[in-house]
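Colleague: The following block contains the structure, expressed as structure tokens.
What follows is calculated from the coordinates using simple rules that are stated; it is not laboratory data. Please read these numbers as outputs of a predicted model, since none were measured by experiment. Cβ coordinates were reconstructed from backbone atoms using ideal geometry, including for glycine residues, and neighbour counts include every protein chain displayed.
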Amino acid sequence: MRVIKTRTWIIITASALAVCAVLAAWLTLRGAGGTVANIYRDGELIMSIDLALVTQPQTFTLSDESGTNTITVERGRICVSEADCPDQVCVRAGWLSGSASPIVCLPHRLVIQLGSGGADTATG
């Protein structure tokens, strides 16, 4: 009888530890994406925006010799709303809010991805 009680407590304790480990991993991975949108051109960070701090929708345009991308930012999400590239893959990517997939515009060498804070964190 004593063995059954001990075995039961071992199973309960192991189950509780497993649940805690899964919960900790889920919270860690969920937070890994972050709320900061890092915008890169030619692999260099040009702007970071903390999406949690955005109070009003914003739109701005990034231009260089390769072309222009119009970026729209709202609380918790960001997208390329317009671009003068021929394929429009970056525009069709839609809103980036928590996914692991970045928005990429190859013709303009632009990448937007969620992650940790960068050098110039912009808010609004």
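Colleague: Can you give the local net charge around Ser63? Use residues other than it whose beta-carbon is closer than 11 angstrom to its beta-carbon, Lys and Arg +1, Asp and Glu -1. Let's see the in-between values first.
Modeller: On the way: positive: Arg41; negative: Asp64, Glu65, Asp84.
Within the 11 Å Cβ shell, the charges total -2.
Colleague: In whole Hz, what ³J(HN,Hα) sequence does the stretch 7-21 give by Karplus (6.51, -1.76, 1.60; θ = phi - 60°), x for Gly and Pro?
Modeller: Running phi through 6.51 cos²θ - 1.76 cosθ + 1.60 with θ = phi - 60° gives 4, 4, 5, 5, 5, 5, 5, 5, 5, 4, 5, 5, 4, 4, 5 Hz.
Colleague: May I have the convex hull volume per residue, in Å³, for the Cα set of the stretch 44-105?
Modeller: Details: hull volume 5.4 nm³, N = 62.
About 86 Å³ per residue, rounded to a whole number.
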